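Remarks on the structure that follows.
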Amino acid sequence: MIAISTFVNGILLGGLYALYGLGLSLTFGIMRTVNLAHGDVIVLATYLALLTTQVLGLTPILSLVVLVPVMFCIGYGLQRLILNRALKDGMMPAVIITFGLSFVIQNGLLLGFSADRQVLRQGALETMSVTLAPGLTIGVFPILTLGVLLVMIVALQAFMGRTLLGRAFRATSDDPSTAQLVGIDGKRIYGLAMGLSFALIAVTGVVMGIRSNFSPFDGPARLIFAFEVIIIGGMGSIYGVLAGGMILGLAQTIGGVLNPTFFQLAGHVVTLGILVLRPSGLFPETIERE
């Protein structure tokens with residue numbers, strides 16, 4: 001029963017980690033650039049959800065009605081107004097900009113909300129649990145988190161493979177110059193991709209805020225988890241995010257059972273091992289094809 005409980009909890013934890021990596025994998029797969037502010041944007045989304053609940057009186061989950069379009073607009077504006085200007089000089093200027101942006105977000109949240117840890121309250125859903133067998137009880141919200149992740153991955157894959165905009169994303173990812181020749185505006189596509197990534201991050205931020213408390217300086221830790229997920233699964237691979245999250249969650253959970261001090265270390269060791277043995281990840285693709 002201990003082994004079964006460890007496996008189930010590892011899978012559920014992996015669902016959260018996969019959510020961390022999904023938006024980062026999308027932007028890398030399309031624009032082939034790394035957003036070093038990704039973790040801090042997740043925390044920003046969480047604080048915006050907190051602000052929405054306080055001002056409008058909505059529950060954290062209902063706040064997504066407001067938060068998702070707001071985050072989409074922030075991501076679209078960031079890419080169109082700032083990052084697109086830097087991409088013409090290669091990847092590094094955009095990476096440096098997002099590195100600086102992470103500090104701006106951290107200090108802005110510190111000024112606006114203080115360093116006190118906060119939490120999003122979702123009522124009874126936070127503590128609800130189901131007993132699958134004697135000695136095996138799991139939380140309802142982690143199960144919902146995994147369900148949300150699966151829906152988002154399937155929907156994103158269908159969007160990429162079955163819509164004109166998704167195909168434009170893939171064409172721009174494969175060959176921006178050729179895509180430009182057939183009338184695809186690369187700068188607009190990059191803006192929409194970043195906006196979509198930020199919309200996914202909005203969901204991630206709310207889930208994170210309900211599952212654990214948070215502070216303005218939690219972004220770097222989330223960025224590390226996101227990187228490990230896409231390193232394991234393969235940079236830019238949508239389904240690889242799922243595999244990476246599951247493997248990272250299982251590694252940490254098993255390590256924690258063996259010795260509580262091994263919880264974080266086990267995940268890092270597994271990531272390093274996969275990076276050494278298979279540098280491109282388990283499912284290396286820029287964007288999945290049909």
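The values are calculated or read from the model by the stated rules, or taken from the named source; none is laboratory data. Treat the numbers as computed from the prediction; the structure is a model and nothing was measured. Here Cβ is always computed from backbone atoms with ideal geometry, including for glycine, and neighbour counts include all displayed protein chains. The protein model used for the area step is the full one, side chains on, heavy atoms only, and it has no ligands, DNA or RNA in it. Shrake-Rupley method; radii C 1.70, N 1.55, O 1.52, S 1.80 Å.
Figures for the structure shown
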| quantity | calculated |
| --- | --- |
| Hits in the stretch 222-250 - residues which are closer than 30 Å to Ala115 by Cβ, open to solvent by less than 30 Å² (accessible area, probe 1.4 Å) and of a type in the set (A, V, I, L, M, F, W, C) | Leu223, Phe225, Ala226, Val229, Ile230, Leu248 |
| Some residue of the stretch 207-221 being under 28 Å from Leu81 (Cα atoms) and buried (at least 23 other Cβ atoms within 10 Å of the Cβ) | yes |
| Any hit, the stretch 98-105, residues being open to solvent by 20 Å² or more (accessible area, probe 1.4 Å), closer than 28 Å to Pro284 by Cα and either aromatic (Phe, Trp, Tyr) or modelled with pLDDT under 90 (or both) | yes |
| Count - residues of the stretch 33-57 that are hydroxyl-bearing (Ser, Thr, Tyr) and open to solvent by less than 10 Å² (accessible area, probe 1.4 Å) | 2 |
| Matching residues in the stretch 251-263 - criterion: being surrounded by fewer than 21 Cβ atoms within 10 Å (Cβ to Cβ) and in contact with a helix residue (DSSP H, G or I) (Cβ under 7 Å, 6 or more places away or on another chain) | Ile254, Gly256, Val257, Phe262, Phe263 |
| Pairs with Cβ under 6 Å, 6+ apart, first in the stretch 93-105 and of a type outside the set (S, T, N, Q), second in a helix (DSSP H, G or I) | Pro93/Ala86; Ala94/Leu83; Ala94/Ala86; Ala94/Leu87; Ile97/Ala86; Ile105/Asp40; Ile105/Leu44 |
| Qualifying helices (runs of 4 or more DSSP H) (wholly inside the stretch 123-242; at least 2 residues being in contact (Cβ under 8 Å) with a residue 24 or more places away in the chain and not charged (D, E, K, R)) | 140-162, 164-174, 186-211, 219-233 |
| Any chance Gly139 is open to solvent by 20 Å² or more (accessible area, probe 1.4 Å), touching a strand residue (DSSP E or B) at 6+ places or on another chain (Cβ under 7 Å) and small (Gly, Ala, Ser) | yes |
